[in-house]
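First comes the structure, then the notes that go with it.
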Amino acid sequence: MIIAQISDTHIFRDAPDADLRASDLERTIADINALEPAVDVLIHTGDMAHGGRCEDYALAASLLRQSHAPVYVAPGNRDDRENLRQAFSPWACRASGGEFLDYAIDEFPVRLMAVDTVSPGTNKGDFSEEHARRLIELIDAETTKPIVAFMHHPPYIVSVGPDPLNFVTFEAMARLQRTLQHSERVIAVLCGHVHRSTGGRIGEIPVMVVPCTATPLRKGDYPPQMRDRPVYHLHRFDPANGLCTEARIVGGAAADAEGRQRRSA
Ligand SMILES: [Fe+2]
């Protein structure tokens, strides 16, 4: 099973670089579509639209519908839950009614679980007692498969970023840790938010963070030839070896295909 992950597209038609943000998303989807073997699923870990507006979700949705693989989204701090739900439910967001956009995708060897860490009014993540209770119900609804959780805010101390704590309190982050550890089946947590490549752990569970898809907003240092090329992650799962992650640079899939053609000529 191959999971492609993108994040932080920040689609916003009023931004001076609006066209670039949209084309970064479109080129990333085209690159993922060109991969062989094909990916099974594409996840987006939030901050889909910079201002949470319906027209920006409509644009993002029209681009994401170009994906050959099914798409699933988790909300970020820049998103508006209701507008996101309207644009992406049910095809890319299976959250039923209720406050949180949490849901599980059960049709793969790994169970994918979107976790809503949004705390309206702040840019940080939150995770309440009530949320923990609901997420445990969702986790316990299936008891056989490993789980990959995906959420916007990285639930560990990101010491390479400007603000290491990405949750409103240490307590909220500890509550999320206890909840994710509850079943002992969560094998990885995939995140965005900090716009750079980083990784850590929540308890014993590895956490991986993909850089932001929108290249003008990306953090960290990139060589000149990579500055206009979005980066995404491929997570490959097999039962014997678990999850293995690779960073891909947009433009690489076409180069792979050319190489295959040359070798077979
Ligand atoms: Fe973001």
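The values are calculated or read from the model by the stated rules, or taken from the named source; none is laboratory data. In this text the structure is predicted, and so the values were computed from the model without any measurement. Backbone-built Cβ (ideal geometry, glycine too); neighbour counts: all protein chains shown. Calculation scope for accessible area: heavy atoms of the full protein, side chains included, ligands and nucleic acids excluded. Shrake-Rupley method; radii C 1.70, N 1.55, O 1.52, S 1.80 Å.
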ask   = Across the range 226-231, in residue order, what do the Karplus-derived ³J(HN,Hα) couplings come to in whole Hz, using 6.51 cos²θ - 1.76 cosθ + 1.60 with θ = phi - 60° and x for Gly and Pro?
value = 9, 5, 9, 10, x, 10
request  = For an R0 of 25 angstrom, estimate the FRET efficiency from the Cβ-Cβ distance between residue 18 and residue 163 and round to the nearest 0.05.
outcome  = 0.40
ask   = What is the packing order of peptides 97-105, 160-168, taking the mean over residues of other C-beta atoms within 10 Å and listing the highest first?
value = 97-105, 160-168
ask   = Length gain on complete extension for the stretch residue 261 to residue 145, per 0.36 nm per residue less the alpha carbon to alpha carbon distance?
value = 38.0 nm
message = What distance in nm lies between label points placed 7 Å from Cα along the C-beta direction at residue 249 and residue 171?
response = 4.6
key: Solvent-accessible heavy-atom area per residue, rounded to whole Å², over the range 1-138 at 1.4 Å   = 38
Value of relative contact order over the chain, rounded to a whole percent, pairs C-alpha under 8 Å and six or more apart = 21
ask   = Within the range 1-67, which trypsin sites (Lys or Arg not before Pro) sit in a loop by DSSP and count at most 13 neighbouring Cβ atoms inside 10 Å?
value = 65
Solvent-accessible surface (1.4 angstrom probe) belonging to residue 182, in square angstrom, nearest 10 = 80
ask   = So, with a 1.4 angstrom probe, what is the percent of accessible area on the range 2-264 that is carbon and sulfur?
value = 51
message = Based on alpha-carbon atoms only, what is the radius of gyration of the chain relative to the globular estimate 2.2 N^0.38 Å?
response = 0.95
task = Would you please give the FRET efficiency between residue 33 and residue 225, computed as 1/(1 + (r/R0)^6) with r the Cβ-Cβ distance and R0 = 22 Å, to the nearest 0.05?
result = 0.45
key: Value at 222 nm in deg cm²/dmol, rounded to 500, when DSSP H runs of n ≥ 4 in the chain each add -39,500 (n - 2.57)   = -8500 deg cm²/dmol
